[in-house]
Each structure stands twice: as structure tokens, then as C-alpha cells.
Amino acid sequence: MPADLLPDLVAAALRAGADAAEAVSAERAALSVGVRNGRLEDVEREESRDLGLRVFIGKRQATVSASDLSDATRSRLVERAVAMARLAPEDPYCGLAPQDRLARGPFPDLDLFDGSERSAAELEAAAVAAEDAALAVAGVVRSEGGHASASASRWRLVTSHGFDGAYHGSGFGLGVGVIAEKDGAMERGGESRHTRHLSDLPGADSIGAEAGRRAVARTGPRKIASMTAPVLFENRIAGQVVSPLLSAIAGPSIARGTSFLKDRLGQAVLPAGVHLIDDPFRPRGLGSTPFDDEGVAVTRQSIIDDGVLTTWLLNNSAGAQLGLASTGHAARGLAGPPGVSTHNLHMEPGRRDLAGLMADAGSGLLVTSMFGPSLNGNTGDWSAGVSGFWFEDGELAYPVSEVTVAGKLIDLYARLQHGSDLEFRGSFNVPSLAFDAVSIAGK
């Protein structure tokens, strides 16, 4: 996009009657290829350039967005935004972030962009190779398809009080899903990875082999009786147990009083020795950023420090409602005011690997797949459908399915044990977790 496009858009909003304004742009180019049984199934190419504008008139605000960058459309965008703001209800907490909280350049190089290019033919070849490796695993009988992708994006934010920041990012993905069969019963399994740099993406052979292994391991599942027993969550899905904690400490939830952790700031919510770190500066991190989506400076923070909840997750508006400053966690798209989100969040690893956690538990349920979680945000009552493996004497015994686990999260969190098998696979990474005495609903 032209370098002066966003500054001009902000200036036009001020001339039209806005007291303050911010403009964002998102550019994205992506190519993805899908295959099934070695044959090309689909090719998708995306090239987009989009704008978002938020304007303020007193304590009223409005946001609009467009994908047409023509002069006429930008003029209408400004007119519409200002007209909407004049009619909007007052919001005493809206406004641009304070200038003394803004990030200042030069911004750090977080190594988020890899200029490597992959053609559709190269992506197809990688997807086919991953599918072939999965189908070569004994017991795999059918492919659900392989897929490969490459993308590049650029995000820029300009405000009327002097902030102007931008950063580039890239992404490369590869994955495959297959079906395995045993005694006439079929089970699905898959594996996929996404990285900022092509060189960090695992090879097609390893991705395919892991997909096949996971599918075969799930064949022949049994049902188990309802009981109370130890439950472990594999590191790939353990984050889904911790994610309700993040919703519960989000500033908007705290301001509304709709959080089961609303009175727990400064108190222990996880066991001693557990640390939950948000690091926006991790090189090549999928959630890395030099500033948040209001231009506020970001910092590495211990959200949970030695088990103690140290902070809410705040954008400017939520901070104002609580009489606090933004913590640099504003997150927004092109339309609508910002919400809140973490950046690169991870739980520091413990001392025991998954095998060690299983050995300590003796027997119980190892969860490797979760679906349909349900949460009462006010009370923390939580349940989820799961499948995985029953283990005995610390060793896997047989796969299980059609199981529900449930509990009150504040009680479960107090008994959390964390493993040593932390892997950085996404923007939220947690090692395997173990809980004793969890309610299990089976047959």
C-alpha cells in the first residue's frame, strides 16, 4: 500500500469532524494446495488488501472497514465512520491509548518474515509426500487429504496522536489426515505443523508418519465405566484446559464481573512452581509482535508467577474501566473495537516427562483428543468430551472413546501437575498436565 495512505485516512477523518482516529491496514498473500490419494484436489490463492478506520467524537466511537482502496471508497469510509460516531452511544472508557504508553521505534527485529517462495507445484509435492508417508504406516487404509500452504502478511497501525508502526510476517504449513482400520472399526488421526520460516517446518516424511501412527494407535477403542480417577492431558491439547483461565483474567470479563477468577488477583490460582509466561519477543514466534493492536508497548510478563496470578489482560478500554493501565494485550481485526489476547504464551516445563507423570499416577486416563468443551464462566464449572488411552501401572493399556471429563476449574487448577515435555508448536504452548481425582463419565 502507498506509504501515505493511512496517514491521509487519519487526516481526512480529523477534517471531517473526528476528534481522534486510528487506521489499520492488512495485506495478505497466501497459496494453499490440497491433495487426496496423490491427486490434486484444490488450489486456493488469496491476495487481499484491507483497511479499517476507528474514529472518536468526544466519548463516542465507530469503526468501519473496506477492501476497496479507491479514493471514492476511502472518502465514503471516512464519511460513514464520522456519521456513525455522532450517533453512537457514549462510552466513557473509549479512546486512543495514552501517548506515554505507546511503543517507540526502532522496533525490534523478531525474525517473523521468511521470503522463501513456494510454487503450487512445490506445495503439491510436499502434500503428496506427507500423504504417502502416512499411507505407508501399517493399518492406515484411507487418506482424508494432505495440505500445504505458504503465506505472507503485513500489518500497519497509524493513529492521530503520532503512532506509526508496521511489521511483516510469513507462514508455512503442512499437514495430513488419515483413517486407520482394525476389526472393521475405523479411527481418524492426523498431524499438521505451522511455522514462520520454511526451514523450521518438519519434513513431509515425519509429519506423515506421525499422522499414521496417531490414527493406528486409536483403533479398537473401548468404553470405560464412570468413575473418579487421575486424568492426564497430552501436551498437544493441554492448552485447552488452561485456556479458560485466560478468558477468566481478560479485562472485559473482570470489568463485567463475569469471571470465576474475578477476586483472585495476587492470589495463588495454580500450584507453587508453575509459571505462565507471555513473551511477545520470541524470535519467529507465531504470536510475536513489537507492539499491541493499539500501539501500546509490549513486554515479557509472568502472567502466573510461582502459581500466583499477577495481572489481568488489559487493553486501553478495559484498563480504564478498572482504573488500571493497559498491559499491552489489545487485539483487533479491521472492524470493531479491540478486544484482548495474549501473544506467545507458554507454561514453563516441570521436572517429569509424560511417562513420569503416568508412572506417578499409576492408572488413569490419558487424553489425546478433546471436543465440545463447556464452561460456566461465572462458576468455573467445566466439562469436555475426550478420547485417548487408559493406562495401568504407568503404561498405556488400550485406547478409549466416548468419555466426558468434568470438574470445577479452580479446584482442578489447584491440583495441577505439569510435565517437562513443552513443545513450541503455536502461540500457546503447555506441557502435558496431570490432575488427580477427576470425574469421568463413561458407559
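Each value in this text was obtained by applying a stated rule to the coordinates, not by laboratory testing. What you see is a predicted model, and the numbers here were worked out from it, not measured in a lab. A quick note on method: Cβ atoms are made from the backbone with ideal geometry, for glycine too, and the neighbour counts reach across all protein chains shown.
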Exercise. Pairing the Cα long axis of helix 204-217 with the longest principal axis of the chain, what angle in degrees results, from 0 to 90 and rounded to the nearest 10?
Worked result: 50
Exercise. Which residues in the range 128-170 place their backbone N less than 19 Å from a point set 7 Å from the Cα of Phe281 along the Cα-to-Cβ direction?
Worked result: 165-168
For this session: Provide the gained length on full extension for the span Glu423 to Lys182, in nm with one decimal, where the gain is 0.36 nm per separating residue minus the Cα-Cα distance.
Result: 83.7 nm
Seminar exercise, completed: Computed ³J(HN,Hα) along the range 73-78: with the Karplus parameters 6.51/-1.76/1.60, θ = phi - 60°, integer Hz and x for glycine or proline, the list is 5, 5, 5, 5, 4, 5
Exercise. Separation between the Ser439 and Thr299 pseudo-spin-labels, each 7 Å from Cα along Cα→Cβ, expressed in nm?
Worked result: 4.1
Exercise. In what sequence do Lys59, Lys443 fall when counting other Cβ within 10 Å, fewest first?
Worked result: Lys443, Lys59
Problem set entry | Extended-chain gain in nm, criterion 0.36 nm per residue less alpha-carbon gap, Arg351 and Thr228 | 41.7 nm
Exercise. Let a ≥ b ≥ c be the square roots of the eigenvalues of the Cα gyration tensor of the range 262-316; is it rounded (a/c under 1.5), or, if not, prolate (a/b larger than b/c) or oblate?
Worked result: oblate
Exercise. Tally Lys and Arg at +1 and Asp and Glu at -1 over the other residues with C-beta under 9 Å from the C-beta of Gly380: what net charge comes out?
Worked result: -1
Exercise. What is the set of long-range amide H partners of Ile224 at a cut-off below 5 Å, with H atoms built 1.01 Å from backbone N?
Worked result: Ser401, Lys443
Exercise. Under 12 Å from the Cα of Lys223, which aspartates and glutamates turn up, not counting those fewer than eight places away in the same chain?
Worked result: Glu402
Exercise. According to the square roots a ≥ b ≥ c of the eigenvalues of the Cα gyration tensor, what is the shape class of the range 221-443, taking rounded for a/c under 1.5, prolate for a/b larger than b/c otherwise, and oblate for the remainder?
Worked result: prolate
Exercise. Expressed in nm to one decimal, what extension gain is obtained for the pair Ala268 and Asp91 from 0.36 nm per residue of sequence separation less their Cα-Cα distance?
Worked result: 60.3 nm
For this session: Going by C-beta contacts inside 10 Å, put Tyr413, Tyr398 in order with the fewest on the left.
Result: Tyr398, Tyr413
For this session: Grab the beta carbon distance between Ser116 and Ala325, set R0 = 35 Å, and tell me the FRET efficiency rounded to 0.05.
Result: 0.30
Exercise. Tell me, how many Å apart are the Cα centres for the range 26-105 and for the range 375-443?
Worked result: 38
Problem set entry | Pairwise label distance in nanometres, Asp205 with Phe107, each label 7 Å out on the Cα-Cβ vector | 4.0
Exercise. Cα axis of helix 5-15 to longest principal axis of the chain: angle in degrees, 0 to 90, nearest 10?
Worked result: 50
Problem set entry | Partner lysines for Lys262 [C-alpha distance under 28 Å; skip if fewer than 8 residues away on the same chain] | Lys59, Lys408
Seminar exercise, completed: Rounded to a whole number, the Stokes-Einstein D of the range 326-443 in µm²/s (Kirkwood radius over Cα pairs; 4 °C; 1.567 mPa s) is 80
Problem set entry | 0 to 90° range, to nearest 10: angle between helix 120-135 axis and the chain longest Cα axis | 20
Problem set entry | Backbone N under 12 Å from the Phe371 label point (7 Å along Cα→Cβ), restricted to the range 399-443 | 401-403
Seminar exercise, completed: Counted neighbours (other Cβ, 10 Å), sorted fewest up, put Val55, Val242, Val78 in the order Val242, Val78, Val55
Problem set entry | Long-range HN-HN contacts of Val438 with modeled amide H, under 5 Å | Ala229, Val231
Exercise. All other residues with a Cβ under 11 Å from the Cβ of Met84 taken together, and with Lys, Arg as +1 and Asp, Glu as -1, what is their net charge?
Worked result: +3
For this session: May I ask you to derive the relative contact order of the chain, considering only C-alpha pairs under 8 Å and at least 6 residues apart, and to give it as an integer percent?
Result: 15
Exercise. Which of Thr379, Tyr167, Ala414 sits closest to the plus end of the dipole of the chain, meaning its Cα is farthest towards the positive end, when Lys and Arg get +1 and Asp and Glu get -1 on the C-beta?
Worked result: Thr379
Problem set entry | the chain: proportion of alpha-carbon pairs further apart than 28 angstrom, % | 58
Problem set entry | Hz values of 3J(HN,Hα) by residue in the range 52-60 - Karplus curve (6.51, -1.76, 1.60), Gly and Pro given as x | x, 9, 10, 10, 10, 10, x, 9, 10
Problem set entry | Around Leu365: net Lys/Arg minus Asp/Glu count, Cβ-Cβ under 13 Å | -2
